[in-house]
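Participant: Here it is: the structure, laid out below.
The values are calculated or read from the model by the stated rules, or taken from the named source; none is laboratory data. No experiment lies behind these values; they were computed from the predicted model shown. Every residue, glycine as well, gets a Cβ built from its backbone with ideal geometry; the counts of neighbours run over all protein chains shown.
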Protein chains: 2
Amino acid sequence: MSGMTPGAGAEWLKNEGFCCDVVMSSRVRLARNFAGYPFVNKARRDDRVQIMRVAERHILGAGLAPEMLWVDMGELPEIERLVLVERHLISTQHAKGDEPRGLAVSSPDERIAIMVNEEDHLRIQYMRSGLSLTDVFREINDIDDRIESHIDYAFSPRFGYLTACPTNVGTGIRVSVMVHLPALKLSGELEKVRRSARAMNLAIRGFYGEGSEAAGDFFQISNQTTLGKSEEQIVTEFEQERIRGIIQYERHARSRLLEKRRVMLEDKVFRALGTLRHARLLRAEEAFELLSYVRLGISTGLIDLPMETVNRLVLLCQPAHLQKVQRKDLSQSRRRIERASLVRQHFEQASS
Amino acid sequence: MSGMTPGAGAEWLKNEGFCCDVVMSSRVRLARNFAGYPFVNKARRDDRVQIMRVAERHILGAGLAPEMLWVDMGELPEIERLVLVERHLISTQHAKGDEPRGLAVSSPDERIAIMVNEEDHLRIQYMRSGLSLTDVFREINDIDDRIESHIDYAFSPRFGYLTACPTNVGTGIRVSVMVHLPALKLSGELEKVRRSARAMNLAIRGFYGEGSEAAGDFFQISNQTTLGKSEEQIVTEFEQERIRGIIQYERHARSRLLEKRRVMLEDKVFRALGTLRHARLLRAEEAFELLSYVRLGISTGLIDLPMETVNRLVLLCQPAHLQKVQRKDLSQSRRRIERASLVRQHFEQASS
């Protein structure tokens, strides 16, 4: 995993692209299974090993990117697996267990990440900074085609792509964005947005996806239905009708805070900056919350600091990254000290 | 009240003298009444006016200090009366009501403050920075003698000095210190100290005395009994046996925090500093609490800033002082903005 240096920015933290003040990243994921092999939950160990071999050979041979890394998850130390979770390259489930499972990832951009033997034989993910689902969809389609030209997928003319879980049958597509909604949170409108998202059949999840809490007002929003619509329809509707609306809500909430409650907003964002610059102990959740406010301060022009500082810290404050930077296992209390120290260093460099 | 400029340090904020890391100030107060006049609570308006005249003439004529100011409380705007409360020169009761009442105060040191027509005809206070009750007692004795050489006090050979409230009969003395006990608070030992103080017949009160809450871990500790002991006994016992013990407790708690929980302590004091340096809105109570931590940080050598900055801010963050500095009436929300701005300015000046 030499390509994955902790200091390098993950794609979703680049803060580039359309609407990147609100949308940190766009992601499309496809669920695919090989014809002639049982689904992962029915597969014996032998089958899984066989699937791994097929996947490795065909993915690496498909010319998906200038450099594709192959990772046998079983050979990776736990800390490295957690680093992959924190970089949003694998699911938390994929980091656990001792069944044969793998990961192919494009290096150094980490835009392509393909989990092998997670819930399906392949979970293909393509990710880009900012709101760019149409581009992402075009890219992942190309990746999908290239893999399919080497191997047969399990496909039914009636249902479409077959998947281990019926909710993914059909296109097997899931479209999601990571958004930052601090103004909606501050103005107490988040619940309203959640309700309207649910009404539009969107799922809102926390920073680490399924089952995780929202950390620092970062949320993953994804489509729920994959059946009965074309992939293009799904992507276009999601981007144009769903997400654009949420972006407008958040931007509107930011303008209103600036206009009507400017001092309260300044107080929040500068206190957050003051605590980050001075604390000697920082829990991950608190660091996220404070970084979220500073991000809002930079977005609204109240704080004059490079966004890169905040983005890098969102990544590095996570437990596994922190330990990788420090090159050692750290107890929880030691992590709080090291996290605070790392944060102070970054803010000192940024303001000098 | 030209002598009372808000920026000037009150005696109790000078941070000079013995044990001034814990004891901010020492104070002795005497309750005295003139012979031949009814107690204040029994006095008619005419009597009170008469008492005022007698007091003004004899106090100003007694040569107590190079300059003594005389204040007719009825002529003072409310804001100025509150400034006197905040400087610990008069009680909150003395600031209220419309009965004739006065104040004599030495200028510019404010060590002597004599309330006229508070609960007793005279409440004579002498205050010094640090732990110096023996000196304070010598000074107030001299003041008492000088006044008594001009006018007869109400005195009974059997009971001693007569006072409006029986708890003050006898010596009419109350001895008190303002202490800063942040380490005992942080280490959760404050309740233990309170209990042992009660057992020693001491009263522990908040920052503004009777009935007030503790603000920022500043407490007033005073003796409770005045009957049956000589004044010297009272002062010596209070200083040598009572207060020295509490000072040792607090210093010990500080050493232990530095030794055993240094990072937690650093985190507390630097977060407080960070918030004071960055906040845009500050309530008075929060400002006190944060200044208290910074004071602890300076005392323990963790923070390198002049103590004067903290002391002046403890004074200026109070509502009436804040409005006097700004030279206008301020709404509560406006005060929070101005307080935060004042605090930032002082810390910027201090670190440049």
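Participant: Kindly indicate whether any position in the range A:257-266 is within 14 Å of another protein chain (Cβ to nearest Cβ), of a type in the set (A, V, I, L, M, F, W, C), part of a helix (DSSP H, G or I) and more than 21 Å from A:LEU181 (Cα to Cα).
Facilitator: No, there is no match, as no residue in the range A:257-266 is within 14 Å of another protein chain (Cβ to nearest Cβ), of a type in the set (A, V, I, L, M, F, W, C), part of a helix (DSSP H, G or I) and more than 21 Å from A:LEU181 (Cα to Cα).
Participant: Still on this model: Test of understanding: among A:GLU210, A:GLU259, A:GLU232, which residue is surrounded by fewer than 19 Cβ atoms within 10 Å (Cβ to Cβ), of a type in the set (Asp, Glu) and modelled with pLDDT of 95 or more?
Facilitator: Among A:GLU210, A:GLU259, A:GLU232, only A:GLU259 is surrounded by fewer than 19 Cβ atoms within 10 Å (Cβ to Cβ), of a type in the set (Asp, Glu) and modelled with pLDDT of 95 or more.
Participant: Can you name the condition, by its number, that A:ARG87 falls short on among (1) within 26 Å of A:VAL314 (Cα to Cα); (2) out of contact with any strand residue (DSSP E or B) (no Cβ under 9 Å at 6 or more places or on another chain)?
Facilitator: (2)
Participant: Shifting gears a bit: May I ask you to verify whether A:GLN323 is surrounded by fewer than 23 Cβ atoms within 10 Å (Cβ to Cβ) and among the polar types (S, T, N, Q)?
Facilitator: yes
Participant: Give just the number: which of (1) part of a helix (DSSP H, G or I); (2) touching a helix residue (DSSP H, G or I) at 6+ places or on another chain (Cβ under 7 Å); (3) surrounded by fewer than 16 Cβ atoms within 10 Å (Cβ to Cβ) does A:VAL49 not satisfy?
Facilitator: (2)
Participant: If the requirement is being touching a helix residue (DSSP H, G or I) at 6+ places or on another chain (Cβ under 6 Å), assigned to a helix (DSSP H, G or I) and in the same structural domain as A:GLU56 (by TED's automatic domain parsing), which of these qualifies: A:ILE90, A:ILE151, A:ILE79?
Facilitator: A:ILE79 is the lone residue from the list that is touching a helix residue (DSSP H, G or I) at 6+ places or on another chain (Cβ under 6 Å), assigned to a helix (DSSP H, G or I) and in the same structural domain as A:GLU56 (by TED's automatic domain parsing).
Participant: So, one more: Looking only at the range A:284-314, count every residue that is within 11 Å of chain B (Cβ to nearest Cβ) and in a loop (DSSP other than H, G, I, E, B) and tell me the total.
Facilitator: Within the range A:284-314, residues that are within 11 Å of chain B (Cβ to nearest Cβ) and in a loop (DSSP other than H, G, I, E, B) number 2.
Participant: Is it the case that A:ARG242 is over 23 Å from A:GLU16 (Cα atoms) and without any contact (Cβ under 8 Å) to a residue 60 or more places away in the chain?
Facilitator: When the stated conditions are applied, A:ARG242 does not pass them.
Participant: Among (1) away from chain A (no Cβ under 14 Å); (2) closer than 30 Å to A:ARG262 by Cβ, which single condition is B:GLU241 missing?
Facilitator: Against the list (1) away from chain A (no Cβ under 14 Å); (2) closer than 30 Å to A:ARG262 by Cβ, B:GLU241 comes up short only on (2).
Participant: Across the range A:315-347, which residue is nearest to A:LEU258 (Cα to Cα) among those that are among the charged types (D, E, K, R) and away from every other protein chain (no Cβ under 14 Å)?
Facilitator: Restricting to residues being among the charged types (D, E, K, R) and away from every other protein chain (no Cβ under 14 Å), the top hit is A:LYS324.
Participant: Now, a different point. Being in contact with a Lys or Arg (Cβ under 8 Å, 6 or more places away or on another chain) and not in a strand (DSSP E or B) is the requirement here; does A:ILE114 meet it?
Facilitator: Judged against the criteria, A:ILE114 is not a match.
Participant: Scan the range B:222-233 and give yes if some residue there is small (Gly, Ala, Ser) and within 14 Å of chain A (Cβ to nearest Cβ), otherwise no.
Facilitator: no
Participant: All but one of (1) closer than 21 Å to A:GLY17 by Cα; (2) surrounded by fewer than 22 Cβ atoms within 10 Å (Cβ to Cβ); (3) over 20 Å from the mean Cα position of the chain (by Cα) hold for A:SER299, so report the exception by its number.
Facilitator: (2)
Participant: Does A:THR275 qualify as being under 24 Å from the mean Cα position of the chain (by Cα), of a type in the set (S, T, N, Q) and assigned to a helix (DSSP H, G or I)?
Facilitator: In short, no.
Participant: Among the numbered criteria (1) under 23 Å from the mean Cα position of the chain (by Cα); (2) surrounded by fewer than 20 Cβ atoms within 10 Å (Cβ to Cβ); (3) among the charged types (D, E, K, R); (4) within 21 Å of B:ASP21 (Cα to Cα), which one does B:GLU189 miss?
Facilitator: Checking B:GLU189 against (1) under 23 Å from the mean Cα position of the chain (by Cα); (2) surrounded by fewer than 20 Cβ atoms within 10 Å (Cβ to Cβ); (3) among the charged types (D, E, K, R); (4) within 21 Å of B:ASP21 (Cα to Cα), the one that fails is (1).
Participant: Considering only the range B:55-79, how many residues are modelled with pLDDT under 95 and in contact with a Phe, Trp or Tyr (Cβ under 7 Å, 6 or more places away or on another chain)?
Facilitator: 1
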